[in-house]
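The values are calculated or read from the model by the stated rules, or taken from the named source; none is laboratory data. Since this is a predicted model, take the numbers as computed values, not measurements. Here the Cβ positions follow ideal geometry from the backbone for every residue, glycine too, while neighbour counts run over all protein chains shown.
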Amino acid sequence: MLFMKLPNEIIYHIFDFLKSSDILQSFSHLNHRYDNLIQSYIKYLDLTNGWNGNQQDLQWLSKTIQKLKINRFNFYLINNYQLPQLQSLYLDNIFVYGDWISKMNLKSLTLWFNEIPSCYAADITIPETVVRFSTNLPIDLNLLHTNLIDLNIKITSVIDLIKIVQKIPLVQRLSITFYQDYHMEDDDIHDHETMIDKLEPLNKLNSFSLSTNYNTWSKNNTGLPFNQIAFFIDNYCSNKNILKTVSLQLYFIKFNEELWSTIERYKNIYNHFNFYGLFIVEIEIIEKVQKLSKNTNFAYHIERTQINNTIYIHIYSLPFYFDKFYGFTSCSELNPNVSFSSVRHLYFTETCGTYKISFESLAKRMSNLISINCNINIEHDYNTTEQIIIVDKDIFYHVRSLHFTMRCNSKTCRCREVLCHLLNQIPYLEYLNTSEVEFLSGNYSLPPIKELIQGDCDVQLVNLLIKRLPYLTTLSIGYLRTNPDHMSEIVGPFFINLPLFKSVSFPYGGGWCGNDTTPYGKYIQEALKLIQNMNNSLSNVQLDWYNGKATFYRQ
């Protein structure tokens with residue numbers, strides 16, 4: 001009863017340490033006072049995988065909520081509400097939404113997709129009220145309107161950049177990523193020159209960011225028309241009194257002196273010029289490149305490749321600004337005088353070969369990391385006892401996501417122990433993507449992993465996952481190693497034995513069918529019926545087909 005007498009300021013301070021779903025579960029409907037406090041406090045709702053509330057909780061918040069993030073599995077919770085106060089909306093893997101938002105007074109809209117199908121059918125609209133729009137989906141540029149002042153989208157060419165400027169001449173913040181690689185010289189130079197004469201300078205633009213596609217498969221942007229990009233910046237983003245920040249991220253491009261002189265010039269004329277260049281360099285000219293990049297405004301590190309006579313050199317402006325860092329091998333390869341405190345997402349080199357890579361001192365040099373991607377090829381003798389991947393005992397307190405794939409042919413290699421060591425160093429890990437299974441053995445404690453992407457799965461692995469990952473909510477499987485008649489024996493136990501479990505997905509385009517010609521999709525439908533009848537609590541398990549995957553999820 002004493003708790004009920006606490007002043008509002010103390011209650012709000014308690015709320016500051018809780019998620020919205022926790023606040024609703026713990027404090028809603030206690031009395032009229034707490035309901036009012038919750039309504040005035042909760043202005044942002046995240047209805048993605050971490051949401052544990054229900055539709056009744058949302059009904060009385062729908063009139064006051066101002067910011068919302070929601071995925072396709074929970075969209076049913078909210079799609080009948082008008083949300084009159086909503087200002088900002090983040091749609092996660094939701095393709096059809098047009099009618100729902102048509103009457104809203106949105107100011108900010110974000111459309112984000114984990115995997116973009118090659119042929120998508122999206123009912124995309126951008127309401128006239130929206131002034132900030134962001135998406136990683138290539139869209140019809142005719143959807144853009146003149147009210148937009150903050151735009152973050154992907155485009156296919158420099159011509160698209162020009163079209164954007166024609167559509168939104170009052171844009172203040174412009175962030176562009178090329179959706180496709182530039183393998184060859186641009187073939188629309190004539191169109192570029194014809195169109196660019198018609199453009200007016202962007203006199204309102206205060207921030208401009210441009211990035212090429214970081215594609216680890218093709219690794220080729222050698223045809224990037226940088227001269228067109230530079231011409232655009234020099235002539236149509238030319239108001240230096242307003243344009244304070246210019247950021248360029250150019251991946252897998254050829255190094256040349258003309259390009260580099262332009263980069264150095266930009267560093268000198270803009271208040272905040274941020275540059276990250278991943279250059280493809282022939283070994284014969286590496287010394288020349290190193291001399292040119294010794295400007296004290298820049299630093300670099302070298303990444304070895306499997307391409308004959310070729311290396312990658314990463315050159316970046318100082319102070320280091322970006323939240324992503326690529327081609328990492330070890331801290332000893334980095335400039336000791338450079339701070340990397342801005343780095344949140346680290347990508348190790350993909351080609352380890354016989355060279356060592358190291359996690360030593362990494363937790364100190366990049367103390368704000370939240371994700372690590374270690375996806376490497378290892379080449380060494382089968383009987384080697386040498387440790388190729390070196391770890392220390394430093395703790396990564398902020399890391400929540402780890403992608404660890406190790407292509408080592410030896411099943412008894414000491415490399416197999418690395419993931420176990422890393423998991424001990426990442427006590428708050430929530431997302432793990434790996435094909436390794438050794439980390440599930442033993443009795444040592446594991447971090448509270450909530451999302452797992454696993455290469456393949458059978459009944460034996462199901463039992464291990466349930467035993468060792470009690471907080472698991474989401475599982476994505478690359479391949480089911482079981483007879484399709486027994487599919488429910490893999491899927492069902494997760495929903496029965498893990499109280500927080502939300503969904504499991506796997507490809508529906510194939511699987512183990514032996515000589516059976518029955519469509520795989522039919523086995524999936526039958527598995528759903530079996531699962532729903534296993535237990536009364538599983539009657540709300542549903543099936544979703546999306547982008548080549550079948551997803552069983554709890555509604």
Qualifying residue in segment 111-119 (condition: modelled with pLDDT of 95 or more and either touching a strand residue (DSSP E or B) at 6+ places or on another chain (Cβ under 8 Å) or of a type in the set (Asp, Glu) (or both)): no
Residues of segment 61-87 that turn out to be touching a Lys or Arg at 6+ places or on another chain (Cβ under 8 Å) and either under 19 Å from Ile23 (Cα atoms) or touching a residue at least 60 places away in the same chain (Cβ under 8 Å) (or both), as a count: 5
Hits in segment 523-538 - residues which are farther than 20 Å from Leu480 by Cα and either exposed (fewer than 12 other Cβ atoms within 10 Å of the Cβ) or of a type in the set (Val, Ile, Thr) (or both): Asn536, Ser537
Near pairs, Cβ below 6 angstrom, 6+ apart or cross-chain, from segment 433-449 (modelled with pLDDT under 90) to any residue that is among the small types (Gly, Ala, Ser): Ser435/Gly455
Matching option when the condition is under 29 Å from the mean Cα position of the chain (by Cα), among the hydroxyl-bearing types (Ser, Thr, Tyr), within 26 Å of Met366 (Cβ to Cβ) and outside the structural domain of Ile168 (by TED's automatic domain parsing), among Thr329, Thr245: Thr329
Evaluation of Tyr182 against (1) surrounded by fewer than 18 Cβ atoms within 10 Å (Cβ to Cβ); (2) at pLDDT below 85 (one fails), failing number: (1)
Residue in segment 460-488 that is surrounded by the most Cβ atoms within 10 Å (Cβ to Cβ), counting only those that are out of contact with any helix residue (DSSP H, G or I) (no Cβ under 6 Å at 6 or more places or on another chain) and assigned to a helix (DSSP H, G or I): Leu465
Residue check for Asn383: part of a strand (DSSP E or B), modelled with pLDDT under 80 and either in contact with a strand residue (DSSP E or B) (Cβ under 7 Å, 6 or more places away or on another chain) or over 20 Å from Phe322 (Cα atoms) (or both): no
Unmet criterion (only one of (1) surrounded by fewer than 19 Cβ atoms within 10 Å (Cβ to Cβ); (2) closer than 18 Å to Leu452 by Cα) for Arg414: (2)
Residue selected from segment 436-450 under the condition crowded, with 20+ Cβ neighbours inside 10 Å and touching a strand residue (DSSP E or B) at 6+ places or on another chain (Cβ under 8 Å), by the criterion farthest from Met487 (Cα to Cα): Ile449
Residues of segment 45-65 satisfying the condition of being in contact with a Ser or Thr (Cβ under 7 Å, 6 or more places away or on another chain) and at pLDDT 85 or above: Leu45, Asp46
Number of positions in segment 261-308 that are touching a Gly at 6+ places or on another chain (Cβ under 8 Å), under 22 Å from Ile376 (Cα atoms) and of a type in the set (A, V, I, L, M): 1
Some residue of segment 326-334 being closer than 24 Å to Pro225 by Cα and not small (Gly, Ala, Ser): yes
